[in-house]
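Asks: Could you have a look at this structure, given as C-alpha cells, before my questions?
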Amino acid sequence: MTARERIAGSVANYVDERTGAAAWMKKNLNKVFPDHWSFLLGEIALYSFVILLLSGTFLTFWFDPSQREVIYDGGYQPLSGLKMSAAYASTLHISFEVRGGLLMRQIHHWAALIFMAAIVVHLMRVYFTGAFRKPREFNWIIGVGLLTLGIVEGFLGYSLPDDLLSGTGIRIAEAIIQALPLVGSYLAFFAFGGAFPGEAFIPRIYTVHVLLLPGAFLALITVHLMLVWYQKHTQYPGPGRTEKNVVGYPLLPVYMAKAGGFFFIVFGVTAFLGAVASINPIWLYGPYTPGQISAGSQPDWYMGWLDGLVRMSPPLETHAFGHTISWNILIPGLIVPGILFTGMALYPFIESWMTGDKREHHLLDRPRNAPNRTALGVMSLTFMLVALINGGNDIIATTFHLTINQIMWFSRIAIFVLPPLSFMITKRLCLSLQRADRDLVLHGRETGRLVMMPHGEFVEVHEPISPEKAWLLTQHEQNPALALDENDSRGVRRPGTLKNKLRARLSRAHAVAVPKVTAEDLKEIEHH
Amino acid sequence: MSNEIEAIKDPGLPAHVHRRADTDPKAAKKAERQVAILFILSALGTVTMIGSYIFIPQDVFIFFPVLGNTNAHQLFLGLGMAASLFFIGMGAIHWAKTLMPDEEVVIQRHEFRSPDEDREDFVATAKAGAAAAGLGRRSLIKRSLGLSLGLAGLSPLILLRDLGPLPKDELSKTSWKAGTRLVTDPGDRPIRAEDLEVGAVAQTLPEITKGAERALSDIGKDAVLLIRLRPEEFNLDAERLSWTHEGIIAFSKICSHMGCAVALYEQQTKHLLCPCHQSTFDVTRAAKVIFGPAARPLPQLAITVDSEGYLVAKQPFTEPVGPSFWERSS
C-alpha cells in the first residue's frame, strides 16, 4: 500500500465510521447517466446559476444599495457633478474604478441571460420529448417555479443600478401593482415606502435579490436535482434502451469529468462574453429621474414578451361607481401571464387526463410521435414570439423603416391568428414525418441510383435501413383514443356528459397518428 | 394496445466500436499530450489575467475592429480569465472522450411505488399516530389549534404594516396650485410666453423656494410638458382652449398608462409619443389618445401669466396624473 492510499483510506474510514457514507457512495458512484447533447441544457442553467452566485457576491462588495442622493465625483467625466443615487454611483464605481469590476458586472449580466435562455430551452426539451410524464410531474412544476422566479430575479437584478432605463422598468412594475383592484394603491405604497420612487425600493429589492430569491433557488434546485438523481434520467429511445433500464456512462469517472469540464466551458464562454461584449452600459443612460426617459426603452429579453403584450393591449379601462379598473394593464400584465404559467404548470396532469395514461415513462418521445403535444408547444412558442416581437416594436420600426402602428397592428392580429395556424401546420408536419418514417421502414432508403429494367422502365434502387434505425422508427407506442361511452355498462347515462365529451374529443385529437409499420405490412411487402 | 404484435424487434445495444486510443498506445500517448496542452493553455490564460491586472493601466483604450474602442485592462483581464476557465473544461472533456472508458453501461430502473406491505404499514402507522394524539376525537383541540395557527400566520401581515404609509389622497394631488410658476427643468428658471417659439417644447416643474430640495416622488407627479402651437391649430372646446395661453398648452408629462415620461414630440404631426408602450397623444385635441394602450388623455394643466408675465398654473390639475388606480373616479 502506498502512502497516498493509506492517507485516502484513513480519511475514508474516518468519514464512513461517522456517516456510513461508503454504502451510498459505492452505489451512486456507479450511477449511469444517458448521454445526449440536449441533456446539457439543464446543466448550462445550473452552471450559470453558480456563476451568478460567484460574480454576484463579488459585486456586493462594492455595490451600495441605497437611494440616498449623492453628487457624483468619480472617474466617469460626463456624469461628473450630477445628482444621483448611491446605488447608481456605486455601480459606476464598480464599472470604472474597481479592477475587473466591469468584467464581473458584464459576466453577471451575461450569465443571467444565459441562465434564463438555458431554462427556457431546457423546458422546451423536456416538453417536446414528454419527459414531464409520470413520475416526473413534481420536477416539471419545480421547473416552472424556477422559470418564474428567474424572471423576477432577473428583473430585480437589472433594476438595482437605478439608472434611467431600469428606473423606468420599476415605474412600470409600480403601475402594475397600482392597477390591482381594491388593494393596488396600498400595495404600491407599502412596496415603495410611500409615493413612487421614494428611497426604500432599491434597498428592499436588494435583499430580495441577493438573499431571499437565491435561497429559494438553492432549495428548489436542490430538490430538482435530487429528484433527477433518485428517479434516474430519462433516455432517448434506441436499440437496447427500454423503459426498465438506463444506458449511459457511469458517474465516476466519465460523467464527472464531462460535467465538471462543461462547467468550466460555460464559465469560460460567459467570461469571454463579459470581456468582449458590452452589456447594460448604465453610464450611457444616466441616473434615474421620473421626469425623463430615453427612446427605445427595452427590458431584457425574458421580460420582452410581457412588455410586448402590454404594448399591444387595446386602451380598455372601466370607470364605474367612482372606481377604475385598468384592463389595459391587468389583462396583458397579470391575467394572460397567469393563465399561461398555470396552464404550463398543470400540463402534465392535463395530458394524462386527456390520454388516460397513468403509467411511468422513462423513454422519451420523438416529438413527431406526439403531434398534438408538439403542435401545442409550437403554438405557445408562437404566441410568445409574437409578443416578444411586439416588445421590440420601436426597435424593429426604426431598423426596418416601418411605422410602429404597422407592427402593432400586425401583432394584434397575429397573436390571435398565428398560434392556431402554427398548431395546424405543426400537427400536419408531425404526421408527414411519421409517414416518412413509415415509408423508410417499408421501402428503405432512396439511394439515388437509377436502374433500367429489361422492359425499359427506370426505377430507383432502395436500400433497406439498418435494424437499429428500423427499431428507432417503430419502437413508439400508438395508443388508441379513450373510449368514453356516454352510457355506462348498464346503459345508464354517465354523469358529467359535457366533461366526458370534451375529454373524448381531446383524447381523439391526441391519438391521431399515421399507423406505424406492423408485421402484416412487412409480410405484404415481402410478397411483392 | 396496438403494440402487441411488434413488427420489428429490438436489435439490442450495437456492438461497441473501439477508439484508436483504446488499442494503439501511440494514439493514447497523443491524446494524453493533447489534454496536457489544453491544461497548459488554461495556465497561460491565468498568467495573462494576472499580468493584465498588474501591468495594464486602467485608462488605456485600444481599437479593435467590431469591438471598437475597448478598455485594454478589462479586455485582457477577461480574455485571460475566459481562456483559463475554458481550457480546463476542454482538457477535462477531451480526457474523458479519448482516454476514459467509453463503453456504455446498462443499469436497471427500480419501481418507485413502495411494496404493498410497506404502504399498508405506513397507513397503519399514520392512523395509529393520529389516533394516539386523539386528533379525530378531540375536536376542541383541533379547532383551537386551527384558530391559533391561523392567527399566528396573520402576524407577519401585521408586522409588515410599517412598510409604508397609507396612500390617502397622495396619488390624486400634485404640487401645482393656482399661481404656481412653471420653471424649466433643469435650470429652475421661470418662463415667459415669448421664451417659447412656435413648435418648441419645454420640460417644466413647479417653482420651489430657493434652496429647497425637490423629491423625486414630486417630480414623478409634477413634471409638465409645455408645447407652443399656433392658436388656430388647436381643436379644443372653449374651456380647454381657455386653459392655454397664446398657443402654449401644458400637459402632465407622466403617461396616463404606466407612468413613463412622455418625452417624444413629433413636431410635424403634433403627436406626443410615450417611448415605453407607444401610446400616442394628439396635442391639438387635448392629448386625446390616438394610438396605443393608454386609455385616457394626458391631464391638461390650465395656465396663464402672472403680473410679471411669467407662465403660472391657473389652477391645480383637475384629475390625478399618472397611471390609473382603484380609487380613481374618472
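A short reminder: the numbers here are calculations on the coordinates, not readings from a lab. All figures in this text were calculated on a predicted structure; none of them were measured in a lab. Glycine also receives a Cβ, built like all others from the backbone with ideal geometry; neighbour counts cover every protein chain displayed.
Asks: Checking residue B:249 against (1) closer than 26 Å to residue B:326 by Cβ; (2) in a strand (DSSP E or B), which single condition isn't satisfied?
Replies: All conditions are met except number (1).
Asks: In the range A:504-519, which residues are part of a helix (DSSP H, G or I) and surrounded by fewer than 18 Cβ atoms within 10 Å (Cβ to Cβ)?
Replies: Scanning the range A:504-519 gives A:504, A:505, A:508, A:509, A:511, A:519.
Asks: Restricting to helices (runs of 4 or more DSSP H) lying wholly in the range A:259-370: which have 3 or more residues that are out of contact with any His (no Cβ under 8 Å at 6 or more places or on another chain)?
Replies: The helices (runs of 4 or more DSSP H) meeting that bar are A:301-312, A:336-355.
Asks: Filter the range B:259-288 down to the residues that are in a strand (DSSP E or B) and touching a residue at least 24 places away in the same chain (Cβ under 8 Å), then identify the one that is nearest to the other protein chains (Cβ to nearest Cβ).
Replies: Top of the filtered list is B:261.
Asks: In the range B:302-314, which residues are surrounded by 15 or more Cβ atoms within 10 Å (Cβ to Cβ) and free of Cβ contacts under 8 Å to residues at least 12 places away in the same chain?
Replies: Within the range B:302-314, no residue meets the criteria.
Asks: Spot the failing condition for residue A:380; the list is (1) more than 14 Å from chain B (Cβ to nearest Cβ); (2) among the hydroxyl-bearing types (Ser, Thr, Tyr); (3) surrounded by 20 or more Cβ atoms within 10 Å (Cβ to Cβ), and only one is missed.
Replies: Tallying (1) more than 14 Å from chain B (Cβ to nearest Cβ); (2) among the hydroxyl-bearing types (Ser, Thr, Tyr); (3) surrounded by 20 or more Cβ atoms within 10 Å (Cβ to Cβ), residue A:380 fails exactly one: (3).
Asks: Of all residues in the range B:131-171, which are surrounded by 10 or more Cβ atoms within 10 Å (Cβ to Cβ), of a type in the set (Gly, Ala, Ser) and more than 10 Å from every other protein chain (Cβ to nearest Cβ)?
Replies: Hits for the range B:131-171 are B:131, B:133, B:134, B:136, B:139, B:144, B:146, B:148.
Asks: Using beta carbons and a limit of 8 Å, which pairs, at least six apart or on different chains, have the first residue in the range B:235-258 and free of Cβ contacts under 8 Å to residues at least 24 places away in the same chain and the second one surrounded by 16 or more Cβ atoms within 10 Å (Cβ to Cβ) and not aliphatic (A, V, I, L, M)?
Replies: B:241/B:234
Asks: Can you pull out every residue in the range A:68-113 that is touching a strand residue (DSSP E or B) at 6+ places or on another chain (Cβ under 7 Å) and closer than 30 Å to residue A:147 by Cβ?
Replies: Scanning the range A:68-113 gives a single hit, A:88.
Asks: Determine whether the range A:134-143 contains at least one residue that is within 9 Å of another protein chain (Cβ to nearest Cβ), surrounded by fewer than 23 Cβ atoms within 10 Å (Cβ to Cβ) and under 20 Å from residue B:255 (Cβ atoms).
Replies: The answer is no; no qualifying residue exists.
Asks: Let me ask something else about it. Let me confirm something: among A:433, A:418, which residue is more than 14 Å from chain B (Cβ to nearest Cβ), under 20 Å from residue A:387 (Cα atoms), surrounded by 16 or more Cβ atoms within 10 Å (Cβ to Cβ) and of a type outside the set (Phe, Trp, Tyr)?
Replies: A:418 is the lone residue from the list that is more than 14 Å from chain B (Cβ to nearest Cβ), under 20 Å from residue A:387 (Cα atoms), surrounded by 16 or more Cβ atoms within 10 Å (Cβ to Cβ) and of a type outside the set (Phe, Trp, Tyr).
Asks: Could you check the range B:315-327 and list, in sequence order, the residues that are in contact (Cβ under 8 Å) with a residue 40 or more places away in the chain, at the interface with chain A (Cβ under 10 Å from one of its Cβ atoms) and surrounded by fewer than 23 Cβ atoms within 10 Å (Cβ to Cβ)?
Replies: Hit for the range B:315-327 is B:327, nothing else.
Asks: Step by step: first the residues of the range B:181-197, then only those that are within 14 Å of chain A (Cβ to nearest Cβ) and assigned to a loop (DSSP other than H, G, I, E, B), then the one that is surrounded by the most Cβ atoms within 10 Å (Cβ to Cβ). Which residue is that?
Replies: It comes out as B:185.
Asks: Next question. Tell me yes or no: at least one residue of the range A:61-78 is closer than 21 Å to residue A:117 by Cα and free of Cβ contacts under 8 Å to residues at least 40 places away in the same chain.
Replies: For the range A:61-78, residues closer than 21 Å to residue A:117 by Cα and free of Cβ contacts under 8 Å to residues at least 40 places away in the same chain: absent.
Asks: Would the range B:68-82 turn up any residue that is more than 7 Å from every other protein chain (Cβ to nearest Cβ), surrounded by 20 or more Cβ atoms within 10 Å (Cβ to Cβ), of a type in the set (A, V, I, L, M, F, W, C) and closer than 21 Å to residue A:107 by Cα?
Replies: yes
Asks: Could you list, in sequence order, the residues of the range A:437-461 that are assigned to a strand (DSSP E or B) and either in contact with a Leu (Cβ under 6 Å, 6 or more places away or on another chain) or surrounded by 10 or more Cβ atoms within 10 Å (Cβ to Cβ) (or both)?
Replies: Selection gives A:445, A:446, A:447, A:449, A:451, A:458, A:459, A:460, A:461.
Asks: Now for a different question. Return yes when residue A:83 is in contact with an Asp or Glu (Cβ under 8 Å, 6 or more places away or on another chain) and more than 30 Å from residue B:107 (Cα to Cα) and no when it is not.
Replies: It is true that residue A:83 is in contact with an Asp or Glu (Cβ under 8 Å, 6 or more places away or on another chain) and more than 30 Å from residue B:107 (Cα to Cα).
Asks: When you check residue A:179 against the structure, is it in contact (Cβ under 8 Å) with a residue 60 or more places away in the chain, facing chain B (nearest Cβ under 7 Å) and over 26 Å from the mean Cα position of the chain (by Cα), yes or no?
Replies: Taking the combined requirement at face value, the residue satisfies it.
Asks: Right, next: Of everything in the range A:216-252, what is surrounded by 16 or more Cβ atoms within 10 Å (Cβ to Cβ), at the interface with chain B (Cβ under 8 Å from one of its Cβ atoms) and either of a type in the set (Asp, Glu) or in a helix (DSSP H, G or I) (or both)? Give them in sequence order.
Replies: Within the range A:216-252, A:231 is the sole residue that qualifies.
Asks: (1) in a helix (DSSP H, G or I); (2) more than 10 Å from chain A (Cβ to nearest Cβ): which one isn't true of residue B:95, the others all being true?
Replies: Residue B:95 satisfies all of (1) in a helix (DSSP H, G or I); (2) more than 10 Å from chain A (Cβ to nearest Cβ) except (2).
Asks: Within the bounds of the range A:462-470, is there any residue that is free of Cβ contacts under 8 Å to residues at least 60 places away in the same chain, in a loop (DSSP other than H, G, I, E, B) and away from every other protein chain (no Cβ under 12 Å)?
Replies: No: the range A:462-470 contains no residue that is free of Cβ contacts under 8 Å to residues at least 60 places away in the same chain, in a loop (DSSP other than H, G, I, E, B) and away from every other protein chain (no Cβ under 12 Å).
Asks: Something else about it: Starting from residues that are outside any loop (DSSP other than H, G, I, E, B) and in contact (Cβ under 8 Å) with a residue 24 or more places away in the chain, keep the ones in the range A:182-206 and report whichever is farthest from the other protein chains (Cβ to nearest Cβ).
Replies: A:206
Asks: So which residues in the range A:280-324 are hydrophobic (A, V, I, L, M, F, W, C), within 11 Å of chain B (Cβ to nearest Cβ) and within 32 Å of the chain's Cα centre (by Cα), if there are any at all?
Replies: Those that are hydrophobic (A, V, I, L, M, F, W, C), within 11 Å of chain B (Cβ to nearest Cβ) and within 32 Å of the chain's Cα centre (by Cα): A:293, A:295, A:309, A:310, A:312, A:316.
Asks: What number goes with the only condition from (1) within 13 Å of chain A (Cβ to nearest Cβ); (2) among the hydrophobic types (A, V, I, L, M, F, W, C); (3) touching a residue at least 60 places away in the same chain (Cβ under 8 Å) that residue B:178 does not pass?
Replies: (1)
Asks: Could you name every one of the helices (runs of 4 or more DSSP H) located completely within the range A:1-107 that has at least 3 residues being surrounded by 13 or more Cβ atoms within 10 Å (Cβ to Cβ), out of contact with any Pro (no Cβ under 9 Å at 6 or more places or on another chain) and among the aliphatic types (A, V, I, L, M)?
Replies: By residue number, A:21-29, A:40-60.
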